[in-house]
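The values are calculated or read from the model by the stated rules, or taken from the named source; none is laboratory data. Everything numeric in this text was worked out from a predicted model, so none of it was measured. Reconstructed Cβ throughout: ideal geometry from the backbone, glycine too, with neighbour counts over all protein chains shown.
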Amino acid sequence: MAITLADSPEMAAWRQEVRNFIKTEAPKIFSGGEELGENSLFGRMGAMKAWREKVVEKGWVAPSWPKKYGGAGMSVADQFVMNEEFAEAGVPGNVGGFGVMMIGPTIIEHGTEEQKEEHLGAILRGEVIWCQGYSEPGAGSDLASLQTRAVRDGDEYTINGQKIWTTGAQFADMMYMLVRTDPDAPKHRGITYLLVDMHAPGVTVRPLTTLAGTQTFNEVFFEDVKVPVRNRIGEENRGWYVGTTTLDFERSSIGSAIGVRKNLESLIRRTKRGDDGASFERNPKVRLEFVDRWVECEVAKMLSYRVISMQLSGKIPNHESSMCKMFSSELTQRISNLSMHLLGMHGNIRNRASQGYMQSVSSTIAGGTTEVQKGIMATRGLGLPRG
């Protein structure tokens, strides 16, 4: 079965159900948020909480999870339609965070029954906030070079080391992380997957301030942190393979594709109103840039359609997902550049355009750098030899 640009009757009915749910239950702040000004932060936080409760009540908080674990058990096609409609409406799609999107499916795949019982219900109820401990100062794109050490002594591991670029660690209760348990093994081996209590003695979190002045990322230090062996997912020294399972749940291609188009639409509206001094008259050449960016937004959407079409045909997307990620993240930066071109020298002051421009720097780094994506496309897509 391959997806077409026209829905089947079943997909059309499901799409209408999702639209009706959004229309009746979504807080209005999401559809009109850009008009609410700088003081809308707390309003959006409250709206996010209310929206999450509605999605949980509907049973859609974990679309891909099997029903026996409290998920919705949706098909790939149903998940795609729901994600597409959520993105089009501007409502948050992943209300369960890392817990639902990444560690939950990994526990379902590799965890023990005791681990499933302990963690899955708490994730669905939103009782525990999770963060990811992968990258280190010397192990980013080459993640298998990680050096954070865990030494086993009886029923405990003792962790020493550092993680960095840890999104949301300052708010997290738990971390799923990769540690080295056998320093003499080849680098992709000797790695173990652990669940760590962020409130345990020896864990120190230090927020990192980005170019845009936000504190999204953190560095996390571990000094003789004790972790029970029962918090290990999978076998000791086989954590790399568990970790790659987690990464399989990280991509959300259609949401990204529609998200960049929504950003472009917002920029068009702001330019027509003259917000922040944006003006076509300031630089008439940017009219052509708008055309190019709009075409590229449609390309991003078609790349996402290609991925879902493969999934519906029973195939496993590989380099195709890398194409989606790289194209959408680079397009995000091109749209940010366009907003700066509209403002000219006015873009040097702190406003929405300059903030977006600085925030977009990380888009081609987070979730796998552009260089990594190119390597995947070259070797797995084109069959080129590894450099």
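Kindly indicate which of 310, 302 is surrounded by fewer than 21 Cβ atoms within 10 Å (Cβ to Cβ) and closer than 28 Å to residue 268 by Cα. If you could, list the steps in order and put the result at the bottom.
Details: 310 fails: closer than 28 Å to residue 268 by Cα.
Selected residue: 302, the only one of 310, 302 that is surrounded by fewer than 21 Cβ atoms within 10 Å (Cβ to Cβ) and closer than 28 Å to residue 268 by Cα.
Return the residue satisfying two criteria in turn: it lies in the stretch 49-73 and is of a type in the set (A, V, I, L, M) and crowded, with 16+ Cβ neighbours inside 10 Å, and of such residues it is nearest to residue 103 (Cα to Cα). Working first, answer last.
Our first condition is that a residue be of a type in the set (A, V, I, L, M); within the stretch 49-73, this holds for 50, 55-56, 61-62, 72.
Now drop any that are not crowded, with 16+ Cβ neighbours inside 10 Å, which leaves 55-56, 61-62, 72.
Working: 55: 19, 56: 18, 61: 14, 62: 12, 72: 17 Å.
Ranking the qualifying residues of the stretch 49-73, first place goes to 62.
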Inset, instruction - Evaluate the stretch 145-167: report whether one residue or more is under 20 Å from the mean Cα position of the chain (by Cα), under 29 Å from residue 53 (Cβ atoms) and touching a residue at least 24 places away in the same chain (Cβ under 8 Å). - result: yes
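Among the residues of the stretch 74-87, is any under 19 Å from the mean Cα position of the chain (by Cα), of a type outside the set (Ser, Thr, Tyr) and surrounded by fewer than 18 Cβ atoms within 10 Å (Cβ to Cβ)? Even if it seems obvious, please write down each step before you answer.
Residues of the stretch 74-87 under 19 Å from the mean Cα position of the chain (by Cα): 76, 79-87.
Restricting the remaining residues to those that are of a type outside the set (Ser, Thr, Tyr) gives 76, 79-87.
Narrowing further to those that are surrounded by fewer than 18 Cβ atoms within 10 Å (Cβ to Cβ): 76.
Scanning the stretch 74-87, I find at least one residue that is under 19 Å from the mean Cα position of the chain (by Cα), of a type outside the set (Ser, Thr, Tyr) and surrounded by fewer than 18 Cβ atoms within 10 Å (Cβ to Cβ), so the answer is yes.
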Legend entry - Lone qualifier among 315, 301 - being free of Cβ contacts under 8 Å to residues at least 24 places away in the same chain, assigned by TED's automatic domain parsing to the domain that holds residue 275 and farther than 26 Å from residue 134 by Cβ: 315
Inset, instruction - Of the numbered conditions (1) assigned to a loop (DSSP other than H, G, I, E, B); (2) under 19 Å from the mean Cα position of the chain (by Cα), residue 255 fails exactly one; give the number of that condition. - result: (1)
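Can residue 186 be described as surrounded by fewer than 20 Cβ atoms within 10 Å (Cβ to Cβ), assigned by TED's automatic domain parsing to the domain that holds residue 237 and farther than 26 Å from residue 362 by Cβ? Outline the logic, then answer.
Values: surrounded by fewer than 20 Cβ atoms within 10 Å (Cβ to Cβ): yes; assigned by TED's automatic domain parsing to the domain that holds residue 237: yes; farther than 26 Å from residue 362 by Cβ: yes.
Yes.
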Inset, instruction - Look through the stretch 333-344, keep the residues that are surrounded by fewer than 21 Cβ atoms within 10 Å (Cβ to Cβ) and among the polar types (S, T, N, Q), and return whichever of them is farthest from residue 260 (Cα to Cα). - result: 337
Inset, instruction - List every residue pair whose Cβ atoms sit under 6 Å apart, with the two residues 6 or more apart in sequence or on different chains, where the first one lies in the stretch 336-363 and is farther than 16 Å from residue 274 by Cβ and touching a residue at least 60 places away in the same chain (Cβ under 8 Å) and the second, anywhere, is small (Gly, Ala, Ser) and part of a loop (DSSP other than H, G, I, E, B). - result: 355/212; 358/212; 359/212
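Answer yes or no: is there a residue in the stretch 345-356 that is at pLDDT below 90 and crowded, with 21+ Cβ neighbours inside 10 Å. Break it down stepwise before answering.
Pass one, the stretch 345-356, residues at pLDDT below 90: 345-356.
Subset that is crowded, with 21+ Cβ neighbours inside 10 Å: 353.
Checked against the condition, which is being at pLDDT below 90 and crowded, with 21+ Cβ neighbours inside 10 Å, the stretch 345-356 yields at least one hit.
Looking at the stretch 241-291, which of its residues are acidic (Asp, Glu) and either modelled with pLDDT under 85 or closer than 19 Å to residue 325 by Cα (or both)? I'd like the intermediate steps shown before the answer.
Of the residues in the stretch 241-291, the ones acidic (Asp, Glu) are 248, 250, 265, 275-276, 281, 289.
Selection gives 248, 250, 275, 276, 281.
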Inset, instruction - Specify the residue that is farthest from residue 244 (Cα to Cα); the eligible residues are those in the stretch 130-153 that are surrounded by 17 or more Cβ atoms within 10 Å (Cβ to Cβ) and hydrophobic (A, V, I, L, M, F, W, C). - result: 150
Legend entry - strands (runs of 3 or more DSSP E) wholly inside the stretch 86-193 containing at least 2 residues that are among the aliphatic types (A, V, I, L, M): 149-153, 174-180
